[in-house]
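The values are calculated or read from the model by the stated rules, or taken from the named source; none is laboratory data. As the structure is a computational prediction, the values presented were derived from the model and not from experiment. Reconstructed Cβ throughout: ideal geometry from the backbone, glycine too, with neighbour counts over all protein chains shown. SASA here: full protein model, heavy atoms, side chains in, ligands and nucleic acids out. Shrake-Rupley method; radii C 1.70, N 1.55, O 1.52, S 1.80 Å.
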Amino acid sequence: PLEIMLNAAKQLTQDDLIFVINGEGSQLQSLKDAANDLPNLLFVDYQPPEDLPQVLASADIHVIALGKGLAKSSVPSKLYSILAAARPVLASVDVNSEIVKVIQAANAGLVVPPEDADAFIAAVQQLLDDPDLRTTQGTNGRSYVETLTTPAEAAEAYDFLLSELIANPKLN
């Protein structure tokens, strides 16, 4: 539902504000057509994986937007990349989702209901108006990610669990 960014770009026209939609998708061309060459909305192709750190660092705010019902069964991996990049997240997702739980646990961004353009625009404006909030939320996200289990630790925990299940079939 990236139309929410299109609506925000139409209403928030400060000179120093640019919305960037990065990637591809089945609705990309219709989104470009609807943008009517807005000067503050930029479409960028997917970038090579090795450029991801620069892509993440290039934004002051990152957006995760999912349609109604989609966040209940999905956590985009980019959430953790955004947090690691020390940038705040603006999530337009279902309020009872894992995405919201992570953002709130980390105190790393703002959450608005999915497809609610007015709430989204108000949240963008709040983050634009408060650079200290952006910095604090970004730092909080980075700190949160640094406390998470590493892949090696997760593999070790699964190995231990499987060993216990093999050794004690009654636990199955």
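Worth a mention:
- Residue check, LEU6 at pLDDT 90 or above, under 20 Å from ALA123 (Cβ atoms), in contact with a helix residue (DSSP H, G or I) (Cβ under 9 Å, 6 or more places away or on another chain) and assigned to a helix (DSSP H, G or I): yes
- Members of segment 28-81 that are part of a helix (DSSP H, G or I) and open to solvent by 90 Å² or more (accessible area, probe 1.4 Å): GLN29, ASP33, PRO49, GLU50, GLN54, LYS72, SER73, LYS78
- Of all residue pairs spaced 6 or more apart or on separate chains, none has beta-carbon atoms under 8 Å together with a first member in segment 90-101 that is basic (Lys, Arg) and a second member that is open to solvent by less than 10 Å² (accessible area, probe 1.4 Å).
- Pick from segment 107-130, criterion among the polar types (S, T, N, Q) and out of contact with any Ser or Thr (no Cβ under 9 Å at 6 or more places or on another chain), ranking: least open to solvent (accessible area, probe 1.4 Å): GLN125
- Flag if PHE43 is closer than 17 Å to LEU128 by Cα and either at pLDDT below 90 or aromatic (Phe, Trp, Tyr) (or both): no
- Scope segment 155-172; condition modelled with pLDDT of 75 or more, in contact with a helix residue (DSSP H, G or I) (Cβ under 7 Å, 6 or more places away or on another chain) and not hydrophobic (A, V, I, L, M, F, W, C); matching residues: GLU164
- Assessment of segment 150-166 against the conditions (among the acidic types (Asp, Glu) and touching a Leu at 6+ places or on another chain (Cβ under 9 Å)) yields at least one matching residue.
- Yes/no for GLY25 being within 18 Å of the chain's Cα centre (by Cα), surrounded by fewer than 15 Cβ atoms within 10 Å (Cβ to Cβ), of a type in the set (Gly, Ala, Ser) and farther than 18 Å from ALA117 by Cα: yes
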